[in-house]
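Okay, so here's the structure we're looking at.
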Amino acid sequence: MMFQLKKNSERRGFTLIELMISIVIFVIFLGIVSQSYISIVRAQRRANEIRKMYSDVRIALDYISEEVRLSSIDYACYEGTGTNCEGVIQGTLFGGSTDHLALVRQGGTEKTFVKLDDEGHLVVKRLIRQEGEYVPAPGYETGYVSLTGDNVVFDHLSFSIFPDLNPYSNENIPGTDTPIYADNGTQFQPKVGVYMSASSPEGSAIEFDFDFQTTISSRVYSRAT
């Protein structure tokens, strides 16, 4: 009887070096995946914060735009001849530029003032005329009310008013006998340029700063009589 001897094949396992290399590769791969995930989360968080900021800025710009379209520039306030004009507004229109916006509805039924407060909030004050006198509009009994929340800080706010003389006024152009409304150099529909700079609040986890600019024309067509 013959027996056939079979040689057992060798079965090799991982060596220590191969195992260490595999672990290093896995750790590197895990680190890349983790870093990518963290970057995506941070980008999403930044996008959300910027979206909140844009929302506040949009609210402010939409409010100012609507008021300018439905109102007239209160030139009397800037000239210092108006009433209930907030003392800080009188005489602040230099070369068409000012940091306070004064508007008046047709017929003088309502006045609106917009400015930047010391805390970087865009604030507004509204007055309505009752029995010949201006009183705070409902919701504005305490004075100026903030249009924006705490998601954004306004570092700068200014308004460019053109023309800087009331184009509908019967008054003569200074130094001439020509009424303002009759001069070709002032016959432009009043418009307001809005310039603002906004940034993230102090201590915010996400830092950003942006500049915004827009121009709005008044839709009120009337001449003083």
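The values are calculated or read from the model by the stated rules, or taken from the named source; none is laboratory data. Fair warning: this is a prediction, and the values are worked out from it, not measured in the lab. A quick note on method: Cβ atoms are made from the backbone with ideal geometry, for glycine too, and the neighbour counts reach across all protein chains shown.
Quick notes on this one:
- Flag for residue 107 being of a type outside the set (Phe, Trp, Tyr) and either buried (at least 17 other Cβ atoms within 10 Å of the Cβ) or assigned to a loop (DSSP other than H, G, I, E, B) (or both): no
- Among the residues of this structure, residue 120 counts as one that is modelled with pLDDT of 85 or more and under 23 Å from residue 213 (Cβ atoms).
- Pairing each residue of segment 14-41 that is over 24 Å from residue 206 (Cβ atoms) with any residue that is of a type in the set (S, T, N, Q) and at pLDDT 80 or above, provided the two are 6+ apart or on different chains, yields C-beta distances under 8 Å for 14/22.
- The number of residues in segment 168-203 being surrounded by 15 or more Cβ atoms within 10 Å (Cβ to Cβ), at pLDDT below 75 and assigned to a loop (DSSP other than H, G, I, E, B) comes to 4.
- Matching residues in segment 131-158 - criterion: being of a type in the set (Val, Ile, Thr) and in contact with a helix residue (DSSP H, G or I) (Cβ under 7 Å, 6 or more places away or on another chain): 148, 152
- Selection status of residue 85, surrounded by 12 or more Cβ atoms within 10 Å (Cβ to Cβ), at pLDDT below 80 and either under 30 Å from residue 160 (Cβ atoms) or under 25 Å from the mean Cα position of the chain (by Cα) (or both): yes
- Residue in segment 123-135 that is nearest to residue 204 (Cα to Cα), counting only those that are of a type outside the set (Lys, Arg), surrounded by 14 or more Cβ atoms within 10 Å (Cβ to Cβ) and modelled with pLDDT of 90 or more: 123
- Considering only residues in segment 93-104 that are surrounded by fewer than 18 Cβ atoms within 10 Å (Cβ to Cβ) and at negative phi, the one that is modelled with the lowest pLDDT turns out to be 94.
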